[in-house]
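Chemist: I have a structure I would like to understand better, so I am pasting it below and will then ask my questions one at a time.
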Amino acid sequence: MKSITPEEARTLVADGAQLIDVRTDHEWEAGRIDGATHIELSELDVRAAEVDPERHVVFYCRGDNRSDMAAAAFASDGYRASALEGGIQAWVEAGLPIEPQGGYVADSGEAAAILEARKRT
């Protein structure tokens, strides 16, 4: 398993790598990298068939803790797997775009999800 920079991730994805966002629903809804597939870390085991073993896979989360776990697990199963070093925060800090327009990097955790839901009501 290898950690990669945002620019390396961007290049890999442009060359056909899969991009998997392992964050929670409220984090995904707040902002995400274009072209990513959303599979929460807790669902990866039951949704593993959605990850193509023939393609490189780049996992990302808010920082890099959850994506490191996902990439390590898939690498141990023989996948070419990487984690985005610094997560979506590093992606944004590198000046790379996220969607939707006006999107942002949400805080992780249950308390953050509750606060996000309250903001929407």
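Chemist: Count the net charge of all other residues whose Cβ sits under 12 Å from the Cβ of residue 57, scoring Lys and Arg as +1 and Asp and Glu as -1.
Modeler: My count for the surroundings of residue 57 gives -2.
Chemist: Treating the angle as unsigned and between 0 and 90°, give the value, to the nearest 10°, between the Cα long axis of helix 65-76 and the longest Cα principal axis of the chain.
Modeler: With both axes taken from Cα atoms, the answer is about 20 degrees.
Chemist: Have a look at the chain and give its Rg and Dmax from the Cα atoms, expressed in angstrom.
Modeler: 13.7, 44
Chemist: Counting only DSSP beta bridges with both residues in the chain, tell me the antiparallel percent, nearest 5. Walk me through the numbers before you get to the answer.
Modeler: Values: 1 of 13 bridges.
Antiparallel bridges make up about 10 percent of those DSSP assigns within the chain.
Chemist: Counting only helical runs of four or more DSSP H residues, what would the 222 nm mean residue ellipticity of the chain come to if each run contributes -39,500 (n - 2.57) and the total is spread over all its residues? All intermediate terms of the calculation are to be shown ahead of the outcome.
Modeler: Details: 5 runs with 45 residues, N = 121.
Calculated at 222 nm, the ellipticity per residue is -10500 deg cm²/dmol.
Chemist: Only Cα pairs under 8 Å and at least 6 apart count here; give the relative contact order of segment 2-120 as a rounded whole percent.
Modeler: On the way: 204 pairs, mean separation 38.6, N = 119.
Relative contact order here is 32 percent.
Chemist: Run through segment 12-65 and list the trypsin sites (Lys or Arg not before Pro) located in a DSSP loop whose Cβ has at most 15 other Cβ atoms within 10 Å. Don't jump to the answer; show the numbers that get you there.
Modeler: Numbers: sites: 23, 32, 47, 55, 62; in loops: 23, 47, 55, 62.
Taking segment 12-65 and a limit of 15 other Cβ atoms within 10 Å, the loop trypsin sites (Lys or Arg not before Pro) found are 47, 55.
Chemist: Still on this structure, I have one more. Springs between alpha-carbon atoms under 10 Å, Gaussian network over the chain: tell me which of 11, 24, 37 tops the mean-square fluctuations.
Modeler: Result: 11 has the largest fluctuation of those listed.
Each value in this text was obtained by applying a stated rule to the coordinates, not by laboratory testing. On a predicted model such as this, the values are computed, not experimentally measured, just so you know. Cβ sites come from the backbone with ideal geometry, for glycine too, and all protein chains shown count toward neighbours.
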